[in-house]
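Let me begin by presenting the structure, written as structure tokens, before commenting on it.
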Amino acid sequence: MGTLGNAEIKQRLSGTEWHLFVGSLHAHFDTGDFARGVEFVRRIGEAADAANHHPDVDLRYGYVAVVLVSHDVSAVTEHDLAMAAQVSAIAADLGLQAAPGSPQVLEIAVDAIDIPVVRPFWKAALGYTDTYGDDLDGDARLSDPRGRGPMVWFQQMDAPRTDRNRIHFDLTVAFADAPGRIEEIVAAGGSLLSDHAAPRFWVLADPEGNEVCICTPQGRD
């Protein structure tokens, strides 16, 4: 099944619990207690088996996180949107709502001059695998095959940078959540270094210059 463009995906997700973050669909549901979470996961499993399309599901006390992507093409397809609608319908039937605060995705970015030489080191060190996709800026990221650790991607550099660390964090949040997160960072002693690429991302640093980019799906159409 063919992949879908970001603009179409976001339009079809509008008004739902779902967010398009880094090439996959994310939603968190407030279950209130563990038993309701177990029942929610059980019913998701039944629906997924029937559709032969299986989400990544994380059951925790008080909430369930669900991630959808078509692994055969490493992108979002009609199968994912259909599965998202089924998961939302199951949640509604159980009286569950979106968990407070939207989902977020953490990535580790590594500056590198010779990416083909550097990537194998991190792939071996972390035990990660290659991940490709239409929303991944054309280069392969490394991802945890167990789906637990953050993805790692490599930023092409023309010359070594001495003005900052060569590893930083990228945190993708919903566009509506970005201003508040940035305010919290600044209030906690951080500095806003650049907003030139906003609303795609803002660059902030801690008091010692370690950087984090607060990213949103905006500007990724």
Which condition breaks for residue 76 when tested against (1) in the same structural domain as residue 21 (by the TED database); (2) open to solvent by 30 Å² or more (accessible area, probe 1.4 Å)?
(2)
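Has segment 57-64 got at least one residue that is among the aromatic types (Phe, Trp, Tyr), touching a helix residue (DSSP H, G or I) at 6+ places or on another chain (Cβ under 6 Å) and surrounded by 15 or more Cβ atoms within 10 Å (Cβ to Cβ)?
Just the residues of segment 57-64 that are among the aromatic types (Phe, Trp, Tyr), to begin with: 61, 63.
Among the residues that remain, those that are also touching a helix residue (DSSP H, G or I) at 6+ places or on another chain (Cβ under 6 Å) are: 61.
Filter again for surrounded by 15 or more Cβ atoms within 10 Å (Cβ to Cβ), leaving none.
Checking segment 57-64: not a single residue is among the aromatic types (Phe, Trp, Tyr), touching a helix residue (DSSP H, G or I) at 6+ places or on another chain (Cβ under 6 Å) and surrounded by 15 or more Cβ atoms within 10 Å (Cβ to Cβ).
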Residue within segment 112-129 that is free of Cβ contacts under 8 Å to residues at least 60 places away in the same chain and open to solvent by less than 20 Å² (accessible area, probe 1.4 Å) present
yes
Evaluation of residue 87 against (1) open to solvent by less than 10 Å² (accessible area, probe 1.4 Å); (2) part of a strand (DSSP E or B) (one fails), failing number
(2)
Could you please give the count of residues in segment 18-30 that are farther than 20 Å from residue 215 by Cβ and open to solvent by 20 Å² or more (accessible area, probe 1.4 Å)?
1
Tell me, please, whether a residue that is open to solvent by less than 60 Å² (accessible area, probe 1.4 Å), more than 20 Å from the chain's Cα centre (by Cα) and without any contact (Cβ under 8 Å) to a residue 60 or more places away in the chain can be found in segment 144-156.
no
Restricting the first residue to segment 59-88 and requiring it to be among the aromatic types (Phe, Trp, Tyr), which pairs with a second residue that is in a helix (DSSP H, G or I) and surrounded by fewer than 19 Cβ atoms within 10 Å (Cβ to Cβ) meet a Cβ separation below 9 Å and a spacing of at least six or different chains?
61/34
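From the list 113, 90, exactly one residue is out of contact with any Ser or Thr (no Cβ under 7 Å at 6 or more places or on another chain) and within 29 Å of residue 154 (Cα to Cα). Which is it? First the steps, then the outcome.
Values: 90 fails: within 29 Å of residue 154 (Cα to Cα).
After ruling out the rest, the residue left standing is 113.
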Only one of (1) at pLDDT 95 or above; (2) assigned by the TED database to the domain that holds residue 145; (3) β-branched (Val, Ile, Thr); (4) more than 14 Å from the chain's Cα centre (by Cα) is not met by residue 64, so which one is it?
(2)
Sort out which residues of segment 168-216 are assigned to a loop (DSSP other than H, G, I, E, B), open to solvent by less than 20 Å² (accessible area, probe 1.4 Å) and within 30 Å of residue 5 (Cα to Cα), and write them in order of number.
173, 174, 216
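The values are calculated or read from the model by the stated rules, or taken from the named source; none is laboratory data. Since we're looking at a predicted model, the values are computed, not measured. Cβ sites come from the backbone with ideal geometry, for glycine too, and all protein chains shown count toward neighbours. In case anyone asks, the SASA skips ligands and DNA or RNA and just uses the protein heavy atoms, side chains included. Shrake-Rupley method; radii C 1.70, N 1.55, O 1.52, S 1.80 Å.
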